[in-house]
1. Taking the range 12-63, which residues are closer than 18 Å to A84 by Cβ, acidic (D, E) and assigned to a helix (DSSP H, G or I)?
2. If I ask for residues that are of a type outside the set (A, V, I, L, M, F, W, C) and either modelled with pLDDT of 95 or more or within 14 Å of the chain's Cα centre (by Cα) (or both), which ones from the range 2-15 would you list?
3. N6 is checked against (1) open to solvent by less than 40 Å² (accessible area, probe 1.4 Å); (2) free of Cβ contacts under 8 Å to residues at least 40 places away in the same chain and fails just one. What number does that condition carry?
4. Just give me the residues in the range 25-49 being crowded, with 16+ Cβ neighbours inside 10 Å and among the hydrophobic types (A, V, I, L, M, F, W, C), in sequence order.
Amino acid sequence: AYLLKNDENKAMSPAKLQDELNNILKFNPDFAEAHYLSYLNSMRVQDIYISTHSLLHYFDRLILSGGEGKSNGDEGYGRSLRYAVLNLATLHCRFGH
């Protein structure tokens, strides 16, 4: 994820990285970070279907694992859901929808 964000040229090729992620997710489908990395990887190749799928699965796993914070007095899943909606809107904007 670090290389995709900071120096994409040093990262694995999109196809090889997706194969690795698919192997990881086959054995651990609840691994939220792998879904997020799949989202970043699919954005590299402009794949709207996998990008959306991975982003939604990332936030589903993040919320289910209790990984969202309750800072600023937020209770429940409100904060994570707002981030999910914002990220989904950004994804669609990037694809020109």
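1. Listed by number, the residues that qualify are E33, D60.
2. Selection gives Y2, K5.
3. Checking N6 against (1) open to solvent by less than 40 Å² (accessible area, probe 1.4 Å); (2) free of Cβ contacts under 8 Å to residues at least 40 places away in the same chain, the one that fails is (1).
4. Correct list: L25, F31, A32, A34, L37, L40, M43.
Quick grid of which residues meet (1) at pLDDT 90 or above; (2) out of contact with any Cys (no Cβ under 6 Å at 6 or more places or on another chain); (3) within 30 Å of A15 (Cβ to Cβ):
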| site | (1), (2), (3) |
| --- | --- |
| D30 | yes, yes, yes |
| H35 | yes, yes, yes |
| S38 | yes, yes, yes |
| S51 | yes, yes, yes |
| E68 | no, yes, no |
| A84 | no, yes, yes |
| H97 | no, yes, yes |
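The values are calculated or read from the model by the stated rules, or taken from the named source; none is laboratory data. These figures come from a predicted structure and were not determined experimentally. Using ideal geometry, Cβ is built from the backbone for each residue, glycine included, and neighbour counts are taken over all protein chains shown. For the accessible areas, the whole protein counts, side chains as well, though only heavy atoms, and no ligand, DNA or RNA atoms are used. Shrake-Rupley method; radii C 1.70, N 1.55, O 1.52, S 1.80 Å.
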